[in-house]
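Notes follow once the structure below has been shown.
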Amino acid sequence: MMNMTGRTINVVSLAVMAFAVGMVMDAAIIVLENIVRMREQGMPSKEAAITGTWQVWPALFASAVTTVAIFLPIIFLKDQSGQLFSDLAIVISVATVTSLLVASLVIPVAAHEFTSQLQLADRPESWLDRSTSMIMNLTGTPKMRWIWILGLIGTAVTITYLAFPKLNYLPEGNRNLVFGIIIPPPGVNIDHVEKEMGEVIAQRLQPYLDGTRSPQIKHYFFVARPGAMFLGARAQNPHKDEIDEVMKVVKGTISGFPDSFAIVQKASLFSGVGGRTSVDINIQGNDIESLLHAARMGFFKIPTVFPGIRANPKPGLQLAEPELQMAPRESRLVEVGWGRGTMALLTRFLGQGLFVGEYFDGDEKLDVVARVQPWDTPEELAAIPLYTPEGGVLPVSELVEITRTAGPDLIRRLDRRRTVTLELRPPPGVPLEVVLDKIHQEIIPVIERELPEGGAVRLSGSADNLKKAIQGFSSSFVLAVIILYLLITALFRSFVDGVLVILVLPLATVGGVLMLQLLNLPADLLTMLGFIVLLGLVVNNAILLVHQARAAERRGLWLPSKV
């Protein structure tokens, strides 16, 4: 099926196949157990195989249909979670249908062949029979049954609400890759970085690479570009303790350079190189100096809220790059027959170039860009002649006022608004929801106090991803429950029986929540997916029990016997 749908084998699909091994056994076990029960009652093997299979077939069919229906919403999720787990939905759906066919067609034939010569006697009373009798005694009256139902359901819902763990986006895992980022002083060129930083880092890491010092590093890489440098290293021994030690070595290696600061973290299992959960605090407004001042206040506040954590500012927090500002002389432009729009286009022509069209050379389209001859100084720029409609040939300085100033190393915009971003990588083991709560309560108020009128702060990165994932999984969960109830109601032709099966969900959910609390695990995408998978699994036994009870009721058995 993976090949037919154009998919490949990956970590998720392999894990699902291992998980599906346990799921596909359920139907076969139920059919075989019912056939054996028929044989214990003295029924011939052929008749037992047919009768035993036919008795549980409707329940097994209902279970398979509900399991497949539960996973359908996952296939149609369009965000990252849908792309990540669509393989899971396909594999489990196909495996469930296949297991139903095998349990219905292969198991009865095999049971008839291998049990025809066996002499099976009635089983002695087991602990399960004694437990069932005790439960029936405790729920012997309608009043007691309602007390147990309301008590169990109410307790389960309350515990689930109170004990549900904080949300995270994706688990970090224990990937053998430590990633460091160095933010150098503004204006530092690549040659200086290579000589003053790259060579020093290589000398510091050489003993760990040779194995003369511990922990031994398998290999590392170093990349430098204007505004940032990146260092990645892998441990020779991929044990968690060794990776943590390599992380300390990398942190010590890239720290201590003058006027620079470093960020070190382990790479995530579900991200690219150096990637892991991060929150972007986007500070937006019109005045760059006010934005940088507010960003600096937030930058220095972050280590007090998250000790040992430093944010990565984009762009830098200083106006340290040489910049030329060109302000149009309004009256002079009107005199020569131009406007601000024309001067804006000419500014591109004087700089990186103005796009004027495309040229097709027979194989591909090429951009046609017009620009002036290269200039080196502001004086040369001011002296460039321009032909105007009504003023003749004039130098640039006649049409605009050129001012030397300092600016950021790059211009960053988000939704067309000038933006300064503080990229925050949360501490390991801290759920993303906890991080977002602290950002909203302690960091954003400090930034907003420094913003001018019209300024705003918004979060993106993993914060947006988590919000979209919660919305997607919440709608999928509700849709799955509705589909589940409607299917069960249609198969059993009873609204009451559908409710009886659905009542098992809160009892099963509270078990998963308590286990997460016991293991101190957050609720991430994998956990939320697990709860959706839970819907298709925990109802199987309930469907079988309700179906068999109704079948016994139709045969005239009284309540304790049919249960």
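Bear in mind that the values in this text are calculations on the coordinates, not laboratory data. This one's a predicted model, so the numbers in the text were calculated from it and none came from an experiment. Heads up, the Cβs are rebuilt from the backbone with ideal geometry, glycines too, and the neighbour counts pull from every protein chain shown.
What is the gain in length, in nm to one decimal, between Ala490 and Val446 on full extension, counting 0.36 nm per residue of separation less the C-alpha to C-alpha distance? The Ala490-Val446 span can extend by a further 10.2 nm. Computed from the C-beta positions of Phe349 and Thr304, the FRET efficiency with R₀ = 56 Å rounds to 0.70.
Within the chain, the longest run free of exposed loop sites, counting trypsin sites (Lys or Arg not before Pro) that sit outside DSSP helix and strand states (H, G, I, E, B) and have at most 10 other Cβ atoms within 10 Å, spans 79-415.
For Val430 and Ala456, what is the calculated FRET efficiency with R₀ set at 41 Å and r taken between the beta-carbons, to the nearest 0.05? Rounded to the nearest 0.05, the efficiency is 0.95. Taking label positions 7 Å along the Cα-Cβ direction at both Asn137 and Leu519, the computed distance is 3.7 nm, reported to one decimal. Between Val499 and Phe360, the simple spin-label model (points 7 angstrom out along Cα→Cβ) gives 6.9 nm.
The calculated FRET efficiency for the pair Phe230 and Ile384, based on their C-beta separation and a Förster distance of 45 Å, comes to about 0.70. Available extension along the chain between Leu101 and Gln203 is 30.3 nm, counting 0.36 nm per residue and deducting the alpha carbon span. In the range 161-202, the inverse of the mean reciprocal separation of distinct Cα atoms equals 14.7 Å; this is its Kirkwood hydrodynamic radius. Rounded to the nearest 500, the 222 nm mean residue ellipticity of the chain from helices alone is -17500 deg cm²/dmol, with -39,500 (n - 2.57) taken per DSSP H run of at least 4 residues.
Remark: for residue pairs Lys301/Lys468; Lys266/Lys468; Lys195/Lys301; Lys166/Lys240; Lys248/Lys468; Lys240/Lys314, the C-alpha separation exceeds 30 Å in Lys195/Lys301; Lys248/Lys468; Lys240/Lys314. Aspartates and glutamates within cross-link reach of Lys218: Cα-Cα under 18 Å, excluding same-chain residues under 8 positions apart? Hits, sequence-local ones excluded: Asp210, Asp241, Glu242, Asp244, Glu245.
Summarising the overall dimensions of the chain from its C-alpha atoms, the Rg and Dmax are 34.1, 113 angstrom. Placing unit charges on each Cβ (+1 for Lys and Arg, -1 for Asp and Glu) gives the range 321-407 a dipole about its Cα centre, and among Pro378, Ala327, Gly362 the Cα reaching farthest toward its positive end belongs to Ala327. With Rh defined as the Kirkwood radius, the inverse of the mean 1/r over Cα pairs, the Rg/Rh of the range 321-407 is 1.04.
Residues of the range 473-501 with an amide N closer than 16 Å to a point placed 7 Å from the Cα of Glu553 along the Cα-to-Cβ direction: 488-501. Between Arg412 and Asp210, the distance separating the two model label sites (each 7 Å from Cα on the Cα→Cβ line) works out to 4.1 nm.
Loop-resident chymotrypsin sites (Phe, Trp or Tyr not before Pro) (DSSP state other than H, G, I, E or B) in the range 308-395 with no more than 16 further Cβ atoms inside 10 Å of their Cβ: Trp375.
This ranking places Glu423, Glu323 by how few other beta-carbon atoms lie within 10 Å of each, fewest first, which gives Glu323, Glu423. Just to be sure I understand the curve: with the Debye formula and one point per C-alpha of the range 204-325, what is log10 I(q)/I(0) at q = 0.16 Å⁻¹? Evaluating at q = 0.16 Å⁻¹ gives log10 I(q)/I(0) of -0.93. Full extension of the segment from Ala320 to Lys438, taken as 0.36 nm per residue of separation minus the current Cα-Cα distance, would add 39.3 nm. For the chain, what's the relative contact order in percent, using C-alpha pairs closer than 8 Å and at least 6 residues apart? Taking the mean separation of contacting Cα pairs over the length of the chain, I get 19 percent. Volume of the convex hull of the range 173-276 (Cα atoms only), normalised per residue: 85 Å³.
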